[in-house]
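Trainee: Here it is, the structure in full.
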Protein chains: 2
Amino acid sequence: MNNKIKWLREKIRGLNMQGMIISNPINVKYLTGIEAEGVLLITRKENHYITDARYLEEVQSTLTIDDEVIVHNIVDVNKYDNENFFSFCENVGFEENYISYAQYKDYMQKYKANNLEETENIIEKQRMIKDEHEIELLKKACEITDNCFSHLLQYIKVGMTEKQIAYEIERYFLKNGADGLAFDTIVATGKNSSKPHSKATEKKIELGDTILIDFGGKYKGYCSDMTRTIYAGFLPEKVKKVYNLVLKNQLQTEKELKEGANIRIIAKNVDNDFKLNGHSLIHALGHGIGLDIHELPIVSTKIDQNLKENMVITNEPGIYIPEEFGVRIEDTVLITKSGCINLTKSDKNYIVVDKVKQ
Amino acid sequence: MNNKIKWLREKIRGLNMQGMIISNPINVKYLTGIEAEGVLLITRKENHYITDARYLEEVQSTLTIDDEVIVHNIVDVNKYDNENFFSFCENVGFEENYISYAQYKDYMQKYKANNLEETENIIEKQRMIKDEHEIELLKKACEITDNCFSHLLQYIKVGMTEKQIAYEIERYFLKNGADGLAFDTIVATGKNSSKPHSKATEKKIELGDTILIDFGGKYKGYCSDMTRTIYAGFLPEKVKKVYNLVLKNQLQTEKELKEGANIRIIAKNVDNDFKLNGHSLIHALGHGIGLDIHELPIVSTKIDQNLKENMVITNEPGIYIPEEFGVRIEDTVLITKSGCINLTKSDKNYIVVDKVKQ
């Protein structure tokens, strides 16, 4: 059995469960590599994956003997098979945050376990700590992202639309080995950059505009996430002060991130420094990243939790001046025993593209 | 109170419920026009919408006095407010297919209703029948889609990539008054068209390629959905026969769609004719469409249900020859007492773009 399934089996045994139903496809991918629609059943002695005809071939080619997963076409699984999966099981775990109430009732009726037990995100919590192979894939996703950014610095010109830049980013990722985008690219220029979650619109870039680009790709399922705020033609003076404040805090956070550091304190430090300067941190300072773009841990002033080695998180302070402009600078970083390593490595000093010739 | 909320109040009264918790944002939009994150509570005498600071302003500007919805910022709603919403209610409805088991438990604990009762998609079922205003918006979404297709016929050339065409479609919708895309555009060319759910890739269009385009936009929240299969340079002979078989069945279905017609029989007719010709209908013949791209009813051989006036559904037979090519032709149609009206009206005879000069 592969290491991740072995880990899960030990974990649920410790929780006095004799099996678990895994319905969240990202958790299934984490445990088995499978990318499909279906359900993974960890029974007393076996692992079963139930899917439909569309996915059978691909699922079989993904699995190795080491995974020890028996694959079923759902049309071949009858009432008695379902009842047998968890026969004589007292407690069977399920994902209470993922499945609907109606699915819960369906599982209760179908699998005949004595008790379906909530598992409180055990797999999501384990996914916080990345193994060597996962770190390699995350590094690769970040490397493509850095290269894409270098390309953008040459590509972006005054007069282009936000959408045009977003399309170019997607094109670049697909052309350079990524699976695709990790999320809808944000290209927010001028006033649009003052809204933290603006998407890309048909607005054209004007001289003096802020260009906030928040983007990332997926490589073999693993995500990258980076934001850089750059300027079209020239950098207005009033913006420079805010830029420097955000950058100072991003670099300070970088110094503080390491195993054992407390998330709440690190985020508070940024919020405090922003407030001393008449601003505040209006969104989280960061988030875990892996197979999902947003994973545990949440890095915010509300989370009293210590960082651990091999967590991969984002470091993304931002300041937004309503109706004027915003600045956000974000890296994806790997937590180590002694500090953190930026997996995205693009220059963070302010950059002016399509510079005005003087 | 607006008509849709009035309808819901009568409906739940008939089901012996004294209130309902609506969590699905599309159902909230249907009932109130609100597009935000939050929960709508239909209590004995009042309607409450609980959201957060990000959405307050927009929610307030969407609602009219006629809606009679009281809006709350979630941070101002305390434990006692929650307990009061459904005090003395025996049965309160909830959306068992939408909320997670964990949310269900949270609602049970928070709202203190005696019993949370499953509502079996009552709102989704009502959404099947469109009112006059909804039909106007659907017509407009379809009109932009037709215009976009006319534009594409001039735009598409041999050598372009699938992605390039998909981007052009998105650009066209945004530029011509749509909210955006209704779903990820499918542009499947050559062999890619043999997979019904292919997306757009970096593949370049070659001479003689099939170009299957499945696309739609949203207009004020309402979706359109249309597929046309066209050809680059010329139409290969072997493809023409399949094209004509799909078109014949699409037109035949068009004749059969009307109030009272049975979904299963209509879908069976297509499947039978395909089988007589050595093919089969491997996906549904269509689906309801409205605020969601896929709504009730499902139009397939498994659904024994009669159509009703003012349903809006798609009519989309397709044939796929593995590793070779696919043909799908799809319209969005309005069901009437005596027949159906195509809301998408683009030409369905085969069209050759970037024609080879002879």
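Trainee: How high is the FRET efficiency between B:D273 and A:Q252 when r is their beta carbon distance and R₀ equals 51 Å, given to the nearest 0.05?
Mentor: E(calc), rounded to 0.05, equals 0.15.
Trainee: Moving on to the next point. Select from A:N24, A:G38, A:I12 the residue farthest towards the positive end of the dipole of the range A:3-123; place +1 on Cβ of Lys and Arg, -1 on Cβ of Asp and Glu, and compute about the Cα centre.
Mentor: Result: A:I12, furthest along the dipole toward the positive end.
Trainee: For A:I341 and A:K241, calculate 0.36 nm times their separation in residues minus their Cα-Cα distance, and state this gained length in nm to one decimal.
Mentor: 33.3 nm
Trainee: Still on this structure: What is the calculated FRET efficiency for B:F234 to B:H151, with r their C-beta to C-beta distance and R₀ = 25 Å, to the nearest 0.05?
Mentor: 0.70
Trainee: If you don't mind, there's one more thing I want to ask. Using mean Cβ contacts within 10 Å as the protection proxy, how do B:296-302, A:140-146 order, highest first?
Mentor: A:140-146, B:296-302
Trainee: Hey, another quick one. Kindly state, to the nearest 0.05, the FRET efficiency for A:A53 paired with A:V158, given R0 = 51 Å and r defined as their beta-carbon distance.
Mentor: For A:A53 and A:V158, the calculated efficiency is 0.45.
Trainee: Got a sec? Charge dipole of the range B:3-125, +1 on Cβ for Lys and Arg, -1 for Asp and Glu; which of B:I74, B:A113, B:F94 is way out at the positive end?
Mentor: It is B:A113, whose Cα lies furthest towards the positive end.
Trainee: Here is a follow-up. Short version: what are the Cα gyration tensor semi-axes of the range A:226-358, square root of 5 times each eigenvalue, largest first, in whole Å?
Mentor: 27, 17, 12
Trainee: Report the gain in length on full extension from B:R13 to B:D106: 0.36 nm times residue separation, minus Cα-Cα distance, nm rounded to one decimal.
Mentor: 31.0 nm
Trainee: Ok, one more. Filter the cross-link list B:K4/B:K337; A:K175/A:K203; B:K4/B:K29; A:K191/A:K355; A:K163/B:K220; A:K203/B:K175 down to pairs whose alpha-carbon distance in this structure exceeds 18 Å.
Mentor: Among B:K4/B:K337; A:K175/A:K203; B:K4/B:K29; A:K191/A:K355; A:K163/B:K220; A:K203/B:K175, the Cα-Cα distance tops 18 Å for B:K4/B:K337; A:K175/A:K203; A:K191/A:K355; A:K163/B:K220.
Trainee: Divide by every residue of the protein assembly as shown the summed helix terms, -39500 (n - 2.57) for each DSSP H run of at least 4, and state the resulting mean residue ellipticity at 222 nm, rounded to the nearest 500 deg cm²/dmol.
Mentor: Dividing the helical sum by the residues of the protein assembly as shown leaves -10500 deg cm²/dmol.
Trainee: Provide the percentage of antiparallel DSSP beta bridges, counting only those with both residues in chain A; round to the nearest 5.
Mentor: Restricted to chain A, the bridges split so that about 75 percent are antiparallel.
Trainee: Also: Between the range A:267-328 and the range A:188-249, what is the C-alpha centre distance in whole Å?
Mentor: 16
Trainee: Place a +1 charge on the Cβ of each Lys and Arg in chain A and a -1 charge on the Cβ of each Asp and Glu, then give the dipole magnitude about the Cα centre in debye, rounded to the nearest 20.
Mentor: The dipole of chain A has a size of about 1140 debye.
Trainee: Is the C-alpha gyration tensor of the range B:132-353 telling us rounded, prolate or oblate? Criteria: a/c under 1.5 is rounded; beyond that, a/b larger than b/c is prolate, otherwise oblate.
Mentor: Because a/c hits 1.5 or more and a/b fails to exceed b/c, the range B:132-353 counts as oblate.
Trainee: Please give me the summed charge of the neighbours of A:K110: other residues whose Cβ is under 9 Å from its Cβ, Lys and Arg +1, Asp and Glu -1.
Mentor: Local net charge: 0.
Trainee: Restricting to the protein assembly as shown, compute how many DSSP beta bridges are antiparallel as a %, nearest 5.
Mentor: Within the protein assembly as shown, antiparallel bridges account for around 75 percent of the total.
Trainee: Taking N as the number of residues in the protein assembly as shown, what value does Rg over Cα atoms divided by 2.2 N^0.38 Å take?
Mentor: Output field value: 1.01.
Trainee: Same structure, new question: Would you kindly derive the ³J(HN,Hα) couplings of the range A:40-52 from the backbone phi angles with the Karplus curve 6.51 cos²θ - 1.76 cosθ + 1.60 (θ = phi - 60°), listing them in order in whole Hz, with x for Gly and Pro?
Mentor: 9, 10, 9, 9, 3, 10, 10, 10, 10, 10, 10, 9, 10
Since every read-out is calculated from the coordinates, none of them should be taken as a lab result. It should be emphasised that the depicted structure is a prediction, and the values quoted were computed from it without experimental measurement. FYI the Cβ positions are ideal-geometry reconstructions off the backbone, even for glycines, and counts take in every protein chain you see.
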